[in-house]
1. Of A26, A58, which residue is within 27 Å of F116 (Cβ to Cβ) and at pLDDT below 90?
2. Which ranges mark the helices (runs of 4 or more DSSP H) fully within region 31-118 that have 1 or more residues being hydroxyl-bearing (S, T, Y), open to solvent by less than 70 Å² (accessible area, probe 1.4 Å) and out of contact with any Pro (no Cβ under 7 Å at 6 or more places or on another chain)?
3. Within the set of pairs 6 or more residues apart or between chains, which connect a residue that is in contact (Cβ under 8 Å) with a residue 12 or more places away in the chain inside region 103-118 to a residue that is part of a helix (DSSP H, G or I) with Cβ atoms less than 9 Å apart?
4. Going by the conditions given, is E50 over 26 Å from L117 (Cβ atoms) and among the acidic types (D, E)?
5. Looking at region 6-28 only, could you name the residues that are over 20 Å from Y42 (Cβ atoms), charged (D, E, K, R) and open to solvent by less than 90 Å² (accessible area, probe 1.4 Å)?
Amino acid sequence: LFDVDLKNLKKLAELLDKFDPKSDGADRDWVSIYEESERLLYLEIDYLNEAANCERFARDFSGIEWVRVPEVYNEVTTERVITMEFIESFKLTNIKRVEQMGLDRELLAKRTPDGFLM
(Lines give C-alpha, C1' and ligand atoms only; values in the text may rest on other atoms or scores of the structure.)
Protein backbone atom coordinates (compact mmCIF):
# COMPACT_ATOMS: atom_id res chain seq x y z
CA LEU A 1 0.00 0.00 0.00
CA PHE A 2 2.83 2.38 0.88
CA ASP A 3 4.51 1.71 -2.47
CA VAL A 4 1.24 2.27 -4.37
CA ASP A 5 0.68 5.60 -2.62
CA LEU A 6 4.22 6.72 -3.41
CA LYS A 7 3.86 5.68 -7.04
CA ASN A 8 0.73 7.87 -7.29
CA LEU A 9 2.51 10.77 -5.61
CA LYS A 10 5.36 10.49 -8.10
CA LYS A 11 2.90 10.74 -10.99
CA LEU A 12 1.44 13.84 -9.35
CA ALA A 13 4.92 15.35 -8.96
CA GLU A 14 5.62 14.71 -12.65
CA LEU A 15 2.37 16.43 -13.59
CA LEU A 16 3.12 19.36 -11.32
CA ASP A 17 6.54 19.77 -12.95
CA LYS A 18 4.82 20.01 -16.33
CA PHE A 19 1.93 22.27 -15.39
CA ASP A 20 3.06 24.39 -12.41
CA PRO A 21 3.12 27.94 -13.82
CA LYS A 22 5.61 29.03 -11.11
CA SER A 23 3.95 32.43 -11.35
CA ASP A 24 5.10 33.19 -7.80
CA GLY A 25 8.73 33.15 -8.96
CA ALA A 26 9.66 29.98 -7.08
CA ASP A 27 11.84 27.51 -8.92
CA ARG A 28 10.27 24.25 -7.75
CA ASP A 29 11.37 20.84 -8.91
CA TRP A 30 8.44 18.70 -7.79
CA VAL A 31 10.09 15.40 -8.79
CA SER A 32 13.20 16.20 -6.73
CA ILE A 33 11.01 17.13 -3.77
CA TYR A 34 9.14 13.84 -4.19
CA GLU A 35 12.39 11.82 -4.44
CA GLU A 36 13.82 13.34 -1.25
CA SER A 37 10.53 12.76 0.58
CA GLU A 38 10.40 9.16 -0.62
CA ARG A 39 13.94 8.53 0.63
CA LEU A 40 13.15 9.99 4.04
CA LEU A 41 9.85 8.11 4.33
CA TYR A 42 11.57 4.78 3.73
CA LEU A 43 14.09 5.63 6.45
CA GLU A 44 11.20 6.44 8.80
CA ILE A 45 9.61 3.02 8.35
CA ASP A 46 12.89 1.17 8.88
CA TYR A 47 12.57 0.55 12.60
CA LEU A 48 16.18 -0.56 12.99
CA ASN A 49 17.10 2.93 11.78
CA GLU A 50 14.52 4.45 14.13
CA ALA A 51 15.93 2.41 17.04
CA ALA A 52 19.40 3.82 16.29
CA ASN A 53 17.90 7.34 16.17
CA CYS A 54 16.23 6.78 19.56
CA GLU A 55 19.50 5.62 21.09
CA ARG A 56 21.36 8.63 19.63
CA PHE A 57 18.63 10.93 20.96
CA ALA A 58 18.96 9.32 24.41
CA ARG A 59 22.74 9.87 24.37
CA ASP A 60 22.36 13.48 23.20
CA PHE A 61 19.92 14.25 26.03
CA SER A 62 21.47 12.05 28.73
CA GLY A 63 22.64 15.00 30.82
CA ILE A 64 19.26 16.72 30.83
CA GLU A 65 17.21 15.58 33.81
CA TRP A 66 13.87 16.81 32.44
CA VAL A 67 14.07 14.70 29.25
CA ARG A 68 13.08 11.05 29.48
CA VAL A 69 13.67 8.73 26.53
CA PRO A 70 12.23 5.21 26.48
CA GLU A 71 14.72 2.38 26.27
CA VAL A 72 14.76 0.45 22.98
CA TYR A 73 14.73 -3.34 23.32
CA ASN A 74 17.01 -4.22 20.41
CA GLU A 75 16.74 -7.97 20.93
CA VAL A 76 13.08 -7.83 19.86
CA THR A 77 13.29 -4.94 17.37
CA THR A 78 13.33 -5.60 13.62
CA GLU A 79 13.04 -3.53 10.44
CA ARG A 80 9.25 -3.74 10.79
CA VAL A 81 8.74 -3.60 14.58
CA ILE A 82 10.31 -1.34 17.20
CA THR A 83 9.92 -2.41 20.81
CA MET A 84 10.39 0.23 23.47
CA GLU A 85 9.88 0.77 27.17
CA PHE A 86 6.45 2.13 28.07
CA ILE A 87 6.57 5.51 29.75
CA GLU A 88 3.35 6.88 31.22
CA SER A 89 2.69 10.34 29.84
CA PHE A 90 0.05 12.81 28.72
CA LYS A 91 -0.29 15.67 26.25
CA LEU A 92 0.92 19.02 27.49
CA THR A 93 -2.17 20.55 25.91
CA ASN A 94 -4.16 18.82 28.66
CA ILE A 95 -4.06 21.91 30.88
CA LYS A 96 -6.30 20.33 33.52
CA ARG A 97 -3.78 17.51 33.98
CA VAL A 98 -0.83 19.94 33.98
CA GLU A 99 -2.53 21.89 36.78
CA GLN A 100 -3.50 18.72 38.69
CA MET A 101 0.15 17.66 38.69
CA GLY A 102 1.24 21.12 39.85
CA LEU A 103 3.54 21.65 36.88
CA ASP A 104 4.91 25.10 36.12
CA ARG A 105 3.24 26.16 32.84
CA GLU A 106 5.81 28.87 32.12
CA LEU A 107 8.67 26.41 32.58
CA LEU A 108 6.93 23.89 30.30
CA ALA A 109 6.42 26.64 27.70
CA LYS A 110 10.16 27.36 27.78
CA ARG A 111 11.42 23.78 27.85
CA THR A 112 9.21 22.44 25.07
CA PRO A 113 10.90 24.43 22.27
CA ASP A 114 14.28 24.08 24.02
CA GLY A 115 13.97 20.32 23.60
CA PHE A 116 13.62 20.77 19.85
CA LEU A 117 16.42 23.31 19.52
CA MET A 118 19.09 21.54 21.57
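1. Of A26, A58, the one residue that is within 27 Å of F116 (Cβ to Cβ) and at pLDDT below 90 is A26.
2. Details: elements: 47-60, 95-100, 105-117.
So the answer is 105-117.
3. L108/V98; M118/D60
4. No; evaluated as a whole, the condition is false for this residue.
5. D17, D20, K22, R28
The values are calculated or read from the model by the stated rules, or taken from the named source; none is laboratory data. Note that this is a predicted model, so its numbers are computed, not measured. Methodologically, a virtual Cβ is constructed for each residue, glycine included, from the backbone with ideal geometry; neighbour enumeration extends over all protein chains shown. With ligands, DNA and RNA removed, areas are computed over all heavy atoms of the protein, side chains included. Shrake-Rupley method; radii C 1.70, N 1.55, O 1.52, S 1.80 Å.
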